[in-house]
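Working notes, structure below.
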Amino acid sequence: MNLVNLGCGGTYHQAWINLDLEPPTPEVRTWDLRRGIPLAPGSVDAVYLSHVLEHLSRSDAKAVLQDALRVLRKGGVIRVVVPDLELQCREYLAALEAVVHAEPGAEARDEWMRLELLDQMVRTRVGGDLLEHILAAPPAQRDFIRSRIGAEAEVFWKQPEEVAGARLSRPGLMHRLPRWIRRKLAAAAVRVIAGPTAVAAFQEGLFRNSGEVHRWMYDRVSLDRLLRDTGFASYRVVDAWASGISSFAQYELDAAGQQVRKPDSIFVEAIKP
Ligand SMILES: C[S@@+](CC[C@H](N)C(=O)[O-])C[C@H]1O[C@@H](n2cnc3c(N)ncnc32)[C@H](O)[C@@H]1O
């Protein structure tokens, strides 16, 4: 089986080919999907993208899906997972209504949904306002945040020493050092040539191209249209466990046991006809 995980971040399995623009560890190959998928036509059984498509412009996303069609064998499966825009909008409207009706806890839910919808599109620094909000969330608000972003939220509520320890022991820190040095040098050159305002713009540009920001959002209808227009067939909305990819659940990419990793998601699959 040839399985490819595009934009895998820290969520990867060794049985897969794992590619990412900003690999968190040397086990993941550095690759910018805007350059296409570095594999031969018809050579792949399954392509998986989780919370990646929304980080690409609409035209780049379309090009990546076209390339996925190219590398898949006939009958191969594409599995796309994205934050569900429909669900977000429904949650946002429900929270807004709850505020209007002065329901307890509604203000916090409303603030969260606003951040969830907008912050990742407009932020100019790692984590944005959403991260600050998560870090400052009192225990009473945490169940709702967990229900939106899953167990990943727990990391932010650990003791500061635990977080610092985890950061220091994070694999791949040395691997990213040369690029960090190059960027520091480039920023120094920009400062000399164009001044401090240009440095801020340069750094914001680097951040906005780092793969963290959302450039578009999707729902069950627009994903269907996009995959159909690209040439895929047999579109279906699935759940975190169900898949046409053989033994998908065993890789624990979308769920570990009964726990869905990213509960704010929509999971869809289609086939190369
Ligand atoms: C929200 S994270 C999702 C990571 C992982 N797939 C998951 O489900 O946890 C988005 C990932 O997409 C990657 N990414 C964004 N733009 C990319 C690009 N042009 N090429 C490759 N990876 C990209 C980012 O580096 C980041 O790891």
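The values are calculated or read from the model by the stated rules, or taken from the named source; none is laboratory data. All figures in this text were calculated on a predicted structure; none of them were measured in a lab. No Cβ is skipped: glycine too gets one built from the backbone with ideal geometry, and neighbour counts run over all protein chains shown.
General observations
- Residue that is surrounded by the most Cβ atoms within 10 Å (Cβ to Cβ) [pool: residues in segment 241-264 that are aromatic (Phe, Trp, Tyr) and closer than 20 Å to Gly75 by Cβ]: Phe248
- Selection count, segment 192-240, where residues are surrounded by 13 or more Cβ atoms within 10 Å (Cβ to Cβ) and among the β-branched types (Val, Ile, Thr): 5
- Picking from residues in segment 46-67 that are among the acidic types (Asp, Glu) and crowded, with 17+ Cβ neighbours inside 10 Å, the one that is nearest to the ligand (Cβ to nearest atom) is Glu54.
- From the options Glu212, Glu269, residue that is within 18 Å of the chain's Cα centre (by Cα) and at pLDDT 95 or above: Glu269
- Boolean, Gly172 is of a type in the set (Gly, Ala, Ser), modelled with pLDDT under 90, farther than 24 Å from Asp67 by Cα and in a loop (DSSP other than H, G, I, E, B): yes
- Checking Pro41, Pro24 one by one, the residue that is surrounded by fewer than 20 Cβ atoms within 10 Å (Cβ to Cβ) and within 17 Å of Thr230 (Cα to Cα) is Pro41 and no other.
- Hits in segment 24-37 - residues which are closer than 23 Å to Phe248 by Cβ and more than 8 Å from the ligand (Cβ to nearest atom): Thr25, Glu27, Val28, Arg29, Ile37
- Some residue of segment 183-196 being within 16 Å of the ligand (Cβ to nearest atom) and either farther than 23 Å from Lys262 by Cα or at pLDDT 95 or above (or both): yes
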